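The values are calculated or read from the model by the stated rules, or taken from the named source; none is laboratory data. Computed from a predicted structure; not experimentally measured. A quick note on method: Cβ atoms are made from the backbone with ideal geometry, for glycine too, and the neighbour counts reach across all protein chains shown. The protein model used for the area step is the full one, side chains on, heavy atoms only, and it has no ligands, DNA or RNA in it. Shrake-Rupley method; radii C 1.70, N 1.55, O 1.52, S 1.80 Å.
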Amino acid sequence: MYRVAVIPGDGIGPEVIDGAVRVLKAVTGRVRFEYYEGGVDVFQECGSPIREEDLEEIRRSDAVLFGATTTPFDLPGYRSLILTLRKELGLYANLRIIPDLRTGREIVIVRENSEGLYFGIGAVVNGRAVDVRLITREGAERIARFAVEQAKARGSFITFVHKANVLTGDKFFRRIVREVAGEEGVEVRDAIIDSFTIKLVRNPWEHGVILSENLFGDILSDLATVHAGSIGIVPSGNYGDGIALFEPVHGSAPDIAGKGIANPIGAILSGAMLLDYLGLDGSLIRAAVRGYVVNGELTPDMGGRARTEDVVRGIIGEIEDLLSMDEVWRDEIRLSRLESDISRMAG
Ligand SMILES: NC(=O)c1ccc[n+]([C@@H]2O[C@H](COP(=O)([O-])OP(=O)(O)OC[C@H]3O[C@@H](n4cnc5c(N)ncnc54)[C@H](O)[C@@H]3O)[C@@H](O)[C@H]2O)c1
Ligand SMILES: O=C(O)C[C@@H](O)C(=O)O
Ligand SMILES: [Mg+2]
């Protein structure tokens, strides 16, 4: 039995995570879900967005499923929960897969997740504000290795997006990416961040594996979601050397929170990535989502009139249909339910 720590967060986080967990339960009985709170309320109680004892439990889990939290602009000492978790769990690589669900094409973005301007050193002194943009050799090498693996797995190349014509850190980062990729025989193409935004708008599917530092990767990945039809359907995985965390790319969307219309597909596809990570295979979920999107009513962000609940039920219905049709999946699910019953009986 795998232990998955679930952190729904606030805003639409709990709404989409509820759907993702129900979909995961429909495809596997081999996961136990354990819920944790986090965010501003926890910070006000204990000075950290996540309780220390919860963090210890989360570290002992096999993976994390995360929703989203709201980050106030003016709360002294507060650092967002997701940035805190990325740092505490050593999640240095953020893989964001922007799907075109109708054609099967993808935009693949590898975002350095622990350094750059998000490292966390900043201060205002004597009327001057400074944020340090940190790039280390160790950080650049490990994210370059991660991107190389992604490129090799896809038989593709890397587009390294930077501002090396201006920034010292990016000149350094670029040299290291070329060294690491060169050793593995993976091609690296240069792209300068500002003009690359035009290419990402015009020819989104032609850039192999897009690799960038933290802030550029954050912005590029939100921009790229436009090609998926909505940010609400884009999943991501945060990886390190230990545990991994899966989350939709979107935030807490306060403008639609509580209305029951959040698109749950990004969270559901993050659940599929989580299953892949556990070695349980997320392809049944992906097939069900593709099947649903072709015929089913979508949420308003994608021009439809469906509610979150309709989409979750529709995808679970697709899963049930696929299971009734497909021998292999049916046997796999039966086996996983059997294993779960045995492990429950064993205590
Ligand atoms: N991982 C995280 O916890 C995370 C990530 C990004 C932003 N945030 C936080 O979320 C809050 C809101 O940020 P924002 O407005 O810049 O970004 P956002 O992603 O929350 O929302 C941007 C726009 O996309 C829409 N949207 C997002 N997800 C959707 C979904 N699943 N279905 C339908 N529409 C969806 C929203 O309604 C909004 O119009 C901020 O406090 C920010 O700090 C948190
Ligand atoms: O700034 C962040 O990293 C939070 C959010 O914007 C994200 O994309 O994960
Ligand atoms: Mg972002």
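Annotations
- Selection from segment 88-114 of residues that are within 16 Å of ligand 3 (Cβ to nearest atom) and not polar (S, T, N, Q): Leu91, Ala93, Leu95, Arg96, Ile97, Ile98, Ile107, Ile109, Val110, Arg111, Glu112
- Residues (in a loop (DSSP other than H, G, I, E, B), within 17 Å of Ala144 (Cβ to Cβ) and either aromatic (Phe, Trp, Tyr) or open to solvent by 70 Å² or more (accessible area, probe 1.4 Å) (or both)) located in segment 186-220: Glu187
- Selection of segment 234-243 for residues being buried (at least 20 other Cβ atoms within 10 Å of the Cβ) and either near ligand 1 (Cβ under 6 Å from one of its atoms) or more than 11 Å from the chain's Cα centre (by Cα) (or both) yields only Ile243.
- Unique residue being modelled with pLDDT of 95 or more and within 20 Å of Thr71 (Cβ to Cβ) when the list is Ala267, Ala224, Ala306: Ala267
- Residues considered: Ser48, Ser114. Of these, the only one that is among the small types (Gly, Ala, Ser) and under 28 Å from Phe173 (Cβ atoms) is Ser114.
Results for (1) touching a Ser or Thr at 6+ places or on another chain (Cβ under 8 Å); (2) assigned to a loop (DSSP other than H, G, I, E, B), shown as yes or no for each residue.
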{"site": "Val23", "(1), (2)": "no, no"}
{"site": "Gln44", "(1), (2)": "no, no"}
{"site": "Leu83", "(1), (2)": "no, no"}
{"site": "Leu101", "(1), (2)": "no, yes"}
{"site": "Ile109", "(1), (2)": "yes, no"}
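- Some residue of segment 141-160 being within 16 Å of ligand 3 (Cβ to nearest atom) and either at pLDDT 95 or above or open to solvent by 30 Å² or more (accessible area, probe 1.4 Å) (or both): no
- Selection of segment 210-245 for residues being of a type in the set (Phe, Trp, Tyr) and within 13 Å of ligand 2 (Cβ to nearest atom) yields only Phe216.
- Matching option when the condition is at pLDDT below 95 and either open to solvent by 30 Å² or more (accessible area, probe 1.4 Å) or away from ligand 1 (no atom under 15 Å from the Cβ) (or both), among Gly122, Gly127, Gly116, Gly90: Gly122
- Residues of segment 51-61 classified as open to solvent by 60 Å² or more (accessible area, probe 1.4 Å) and either in contact (Cβ under 8 Å) with a residue 24 or more places away in the chain or within 16 Å of ligand 3 (Cβ to nearest atom) (or both), total: 3
For (1) touching a strand residue (DSSP E or B) at 6+ places or on another chain (Cβ under 9 Å); (2) outside the structural domain of Ala20 (by the TED database); (3) of a type in the set (Val, Ile, Thr), each residue gets a yes or a no:
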{"position": "Ile268", "(1), (2), (3)": "yes, no, yes"}
{"position": "Asp276", "(1), (2), (3)": "yes, no, no"}
{"position": "Leu280", "(1), (2), (3)": "yes, no, no"}
{"position": "Arg286", "(1), (2), (3)": "yes, no, no"}
{"position": "Glu297", "(1), (2), (3)": "no, no, no"}
{"position": "Asp301", "(1), (2), (3)": "no, no, no"}
{"position": "Ala306", "(1), (2), (3)": "no, no, no"}
{"position": "Asp310", "(1), (2), (3)": "no, no, no"}
{"position": "Ile315", "(1), (2), (3)": "no, no, yes"}
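- Any chance Leu215 is within 15 Å of ligand 3 (Cβ to nearest atom), under 20 Å from Leu85 (Cα atoms) and hydrophobic (A, V, I, L, M, F, W, C): yes
- Lys259, sole failed condition from (1) more than 16 Å from ligand 3 (Cβ to nearest atom); (2) closer than 22 Å to Ala93 by Cα: (2)
- Residue count, segment 62-87 (criterion: open to solvent by 40 Å² or more (accessible area, probe 1.4 Å) and polar (S, T, N, Q)): 2
- Selection within segment 244-272 - open to solvent by less than 20 Å² (accessible area, probe 1.4 Å) and aliphatic (A, V, I, L, M): Ala244, Leu245, Val249, Ala262, Ile265, Ala267, Ile268, Leu269, Ala272
- Filtered by the rule that a residue be within 12 Å of ligand 1 (Cβ to nearest atom) and under 16 Å from the mean Cα position of the chain (by Cα), segment 254-279 gives Asn263, Pro264, Ile265, Gly266, Ala267, Ile268, Leu269, Ser270.
- Residue in segment 291-302 that is open to solvent by less than 10 Å² (accessible area, probe 1.4 Å), in a helix (DSSP H, G or I) and either more than 30 Å from Val186 (Cβ to Cβ) or within 15 Å of ligand 1 (Cβ to nearest atom) (or both) present: yes
- Boolean, Arg3 is open to solvent by 30 Å² or more (accessible area, probe 1.4 Å) and assigned to a strand (DSSP E or B): yes
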